[in-house]
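Trainee: First the structure, then my questions, so here it is.
The values are calculated or read from the model by the stated rules, or taken from the named source; none is laboratory data. A quick note: this is a predicted structure, and the numbers were derived from the prediction, not measured. As a convention, Cβ positions derive from the backbone with ideal geometry for all residues, glycine included, and neighbour counts pool all protein chains shown.
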Amino acid sequence: MAFYEQAIKRSEENNFGEGLLRSYNNLGEVYEKSGELNLAYDLYFKGLELLPTVSDDYIKAELNGNLGSVLTKLHKFKEAYRYLMESFDFFKALGARDKIIEGCQNQAYYFILTRNAESADYFINEAHKMATEQQNDFGIGWTYYLRALLERKNLDSAKNYLDEAIKLFVASGNHYELSLANYELAGVLLEMKEWEQALQILKNNKKIIQQYGSIKLLEQNDILMQRISPRVFLANAGSEV
């Protein structure tokens, strides 16, 4: 984070618009992953104001996609969709397959949150097909995670998809995504009354989150641990009687 802040300062001093835009975008991504959504939005929006001074269409499309992503998470759905589509259309025209996968995943998440299951299903399938063709373990893992969110009411199905996602995130070394999948799996196991397993996952997850430092996710993780711990204690106390 300090590196990006220094880059912003240098770009401001040298009046280097494109460098400043990249730094705002990169630091915004760090904040978004840390759960600091308003700070991420502010940085992306600062980047947006610089777009007329920048000629690199790729970074413009990347910024639009990030802005759409954070607006989706902030539940500002009307604003979000325009940015998601602008980014997606550009990367499709360019044929940038990794970014098309990301665009499909962003749209799937948007449609999960807006409860449009049919559209979410379509974009998850598209992302999965392309990620499989590219042998992109991370991309495949993320589609399994999204599928688990979409089918969350079916606990067995959600658990199976999360198990697969976790394996792929471990293999590809993606700690942030792994921590999200672990947290979601613990919630599923709580509903399945698999309390000991859920608690163990959350304890391990705490160590993973601490590696990249999302205070927001750490708080959520701790709150879920506090919900589950008494159930484990009562279950164990009952078995000892």
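Trainee: Just one of the numbered conditions (1) surrounded by fewer than 18 Cβ atoms within 10 Å (Cβ to Cβ); (2) touching a His at 6+ places or on another chain (Cβ under 9 Å) is not true of ARG231; which one?
Mentor: With (1) surrounded by fewer than 18 Cβ atoms within 10 Å (Cβ to Cβ); (2) touching a His at 6+ places or on another chain (Cβ under 9 Å) applied to ARG231, the lone miss is (2).
Trainee: So if I check each of ASN221, ASN182, ASN174, which one is more than 20 Å from TYR109 (Cβ to Cβ) and out of contact with any strand residue (DSSP E or B) (no Cβ under 9 Å at 6 or more places or on another chain)?
Mentor: ASN221
Trainee: Something else about it: Within the stretch 31-62, track down each residue that is among the charged types (D, E, K, R), under 30 Å from GLN210 (Cα atoms) and in a helix (DSSP H, G or I).
Mentor: Passing the criteria: GLU32, LYS33, ASP42, LYS46, GLU62.
Trainee: Same structure, new question: Is there a residue in the stretch 64-75 that is in contact with a helix residue (DSSP H, G or I) (Cβ under 6 Å, 6 or more places away or on another chain), among the charged types (D, E, K, R) and within 29 Å of LEU162 (Cα to Cα)? I'd like the intermediate steps shown before the answer.
Mentor: The first filter runs over the stretch 64-75 and keeps only residues in contact with a helix residue (DSSP H, G or I) (Cβ under 6 Å, 6 or more places away or on another chain), leaving 64-74.
Next, from what is left, pick out any that are among the charged types (D, E, K, R): 73.
So of that shortlist, the ones also within 29 Å of LEU162 (Cα to Cα) come out as 73.
Yes, that holds for at least one residue.
Trainee: If you go through the stretch 143-186, how many residues are closer than 22 Å to GLU32 by Cα and either of a type in the set (Asp, Glu) or in contact with a Cys (Cβ under 8 Å, 6 or more places away or on another chain) (or both)?
Mentor: Qualifying residue count for the region: 2.
Residues checked against (1) under 26 Å from LEU71 (Cα atoms); (2) outside any helix (DSSP H, G or I); (3) outside the structural domain of ALA61 (by TED's automatic domain parsing):
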residue: TYR122; (1), (2), (3): yes, no, yes
residue: GLN135; (1), (2), (3): no, yes, yes
residue: GLY141; (1), (2), (3): yes, no, yes
residue: LEU146; (1), (2), (3): yes, no, yes
residue: ALA158; (1), (2), (3): yes, no, yes
residue: ASP163; (1), (2), (3): no, no, yes
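Trainee: Quick one: would you say TYR58 is more than 20 Å from ASN26 (Cβ to Cβ) and in contact with a helix residue (DSSP H, G or I) (Cβ under 8 Å, 6 or more places away or on another chain)?
Mentor: On the way: more than 20 Å from ASN26 (Cβ to Cβ): no; in contact with a helix residue (DSSP H, G or I) (Cβ under 8 Å, 6 or more places away or on another chain): yes.
Judged against the criteria, TYR58 is not a match.
Trainee: I'd like to verify a number: residues in the stretch 58-70 that are surrounded by fewer than 15 Cβ atoms within 10 Å (Cβ to Cβ) and farther than 16 Å from ASP98 by Cα, how many?
Mentor: So the answer is 0.
Trainee: Related question: GLN105 is checked against (1) more than 22 Å from TYR176 (Cβ to Cβ); (2) of a type in the set (S, T, N, Q); (3) in contact (Cβ under 8 Å) with a residue 40 or more places away in the chain and fails just one. What number does that condition carry?
Mentor: Tallying (1) more than 22 Å from TYR176 (Cβ to Cβ); (2) of a type in the set (S, T, N, Q); (3) in contact (Cβ under 8 Å) with a residue 40 or more places away in the chain, GLN105 fails exactly one: (1).
Trainee: Another question, if that's okay. Of the residues LYS167, LYS203, which single one is outside the structural domain of LEU39 (by TED's automatic domain parsing), closer than 20 Å to LEU146 by Cβ, of a type in the set (D, E, K, R) and assigned to a helix (DSSP H, G or I)?
Mentor: Result: LYS167 is the single residue among LYS167, LYS203 that is outside the structural domain of LEU39 (by TED's automatic domain parsing), closer than 20 Å to LEU146 by Cβ, of a type in the set (D, E, K, R) and assigned to a helix (DSSP H, G or I).
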